[in-house]
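To keep things clear, I will list the structure first and then write my remarks on it.
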């Protein structure tokens, strides 16, 4: 004989509402989306009503504890620019200009070793990383101009190809540790190829070879993007 399981409210989560997403495509292949909110009455859904911002905000509030996984160790780090969470949290910071150990694949013609780098801006969103440069003497404001990072494995929009390098930072408790881990993974990865021609004013291979072992990076070879700092965290 077939047994019917009876869910007890004290032992299980019981369904109280449902959100249904609807989509349609018109003759011009444009997608239109609509979300409806339905309450559960017994074993049936009630008639749907448009999902309001207030309802969505209340649902999101219930999820905040799951979304906010990290915290700061104390005062906000001085190199922190912006942080937020939108499903995937967003973290933006800068790394001071300094000499770093970099690793290059043989085919690039660039020897592995210590190279000076400009001030770099990192944007981590979920597991995606973007990187830009700013000039050493520029003051950080919303209107600070972003420059292309003079680094291989980076696209024209700042996107970084990490290859097989892990970007799994879920095991950390603090934002500072996430920032340090991401920087470490980026600088310890093997740089393999150029993804665009605006890395520097000149040939990137020649520029890197000329900078080999030098104490500081010459900001004059940086090429400006069409972006400012505020566009980085508003996008």
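The values are calculated or read from the model by the stated rules, or taken from the named source; none is laboratory data. Everything numeric here is computed off the predicted structure, so don't read it as measured data. Methodologically, a virtual Cβ is constructed for each residue, glycine included, from the backbone with ideal geometry; neighbour enumeration extends over all protein chains shown.
Summed over region 124-140, residues that are at pLDDT 95 or above and not in a strand (DSSP E or B) total 1.
From the list 152, 146, the lone residue that is in a strand (DSSP E or B) and touching a helix residue (DSSP H, G or I) at 6+ places or on another chain (Cβ under 8 Å) is 146.
Tell me yes or no: at least one residue of region 114-123 is in contact with a helix residue (DSSP H, G or I) (Cβ under 6 Å, 6 or more places away or on another chain), at pLDDT below 95 and surrounded by 20 or more Cβ atoms within 10 Å (Cβ to Cβ). No, there is no match, as no residue in region 114-123 is in contact with a helix residue (DSSP H, G or I) (Cβ under 6 Å, 6 or more places away or on another chain), at pLDDT below 95 and surrounded by 20 or more Cβ atoms within 10 Å (Cβ to Cβ). Which one is surrounded by the fewest Cβ atoms within 10 Å (Cβ to Cβ) among residues in region 155-164 that are in contact with a strand residue (DSSP E or B) (Cβ under 8 Å, 6 or more places away or on another chain) and not in a strand (DSSP E or B)? Applying the filter and picking the extreme gives 163. Can you tell me which residue within region 197-225, out of those that are under 28 Å from the mean Cα position of the chain (by Cα) and surrounded by fewer than 12 Cβ atoms within 10 Å (Cβ to Cβ), is modelled with the lowest pLDDT? Across region 197-225, the extreme among qualifying residues is 197. Determine, yes or no, whether residue 103 is modelled with pLDDT of 80 or more, in contact with a helix residue (DSSP H, G or I) (Cβ under 9 Å, 6 or more places away or on another chain) and exposed (fewer than 15 other Cβ atoms within 10 Å of the Cβ). Considered against the rule, which asks whether it is modelled with pLDDT of 80 or more, in contact with a helix residue (DSSP H, G or I) (Cβ under 9 Å, 6 or more places away or on another chain) and exposed (fewer than 15 other Cβ atoms within 10 Å of the Cβ), residue 103 comes out as yes. Per the conditions (1) modelled with pLDDT of 60 or more; (2) in the same structural domain as residue 229 (by TED's automatic domain parsing), the sole criterion not satisfied by residue 37 is (2).
So how many residues does region 165-179 have that are surrounded by 15 or more Cβ atoms within 10 Å (Cβ to Cβ) and out of contact with any strand residue (DSSP E or B) (no Cβ under 6 Å at 6 or more places or on another chain)?
7
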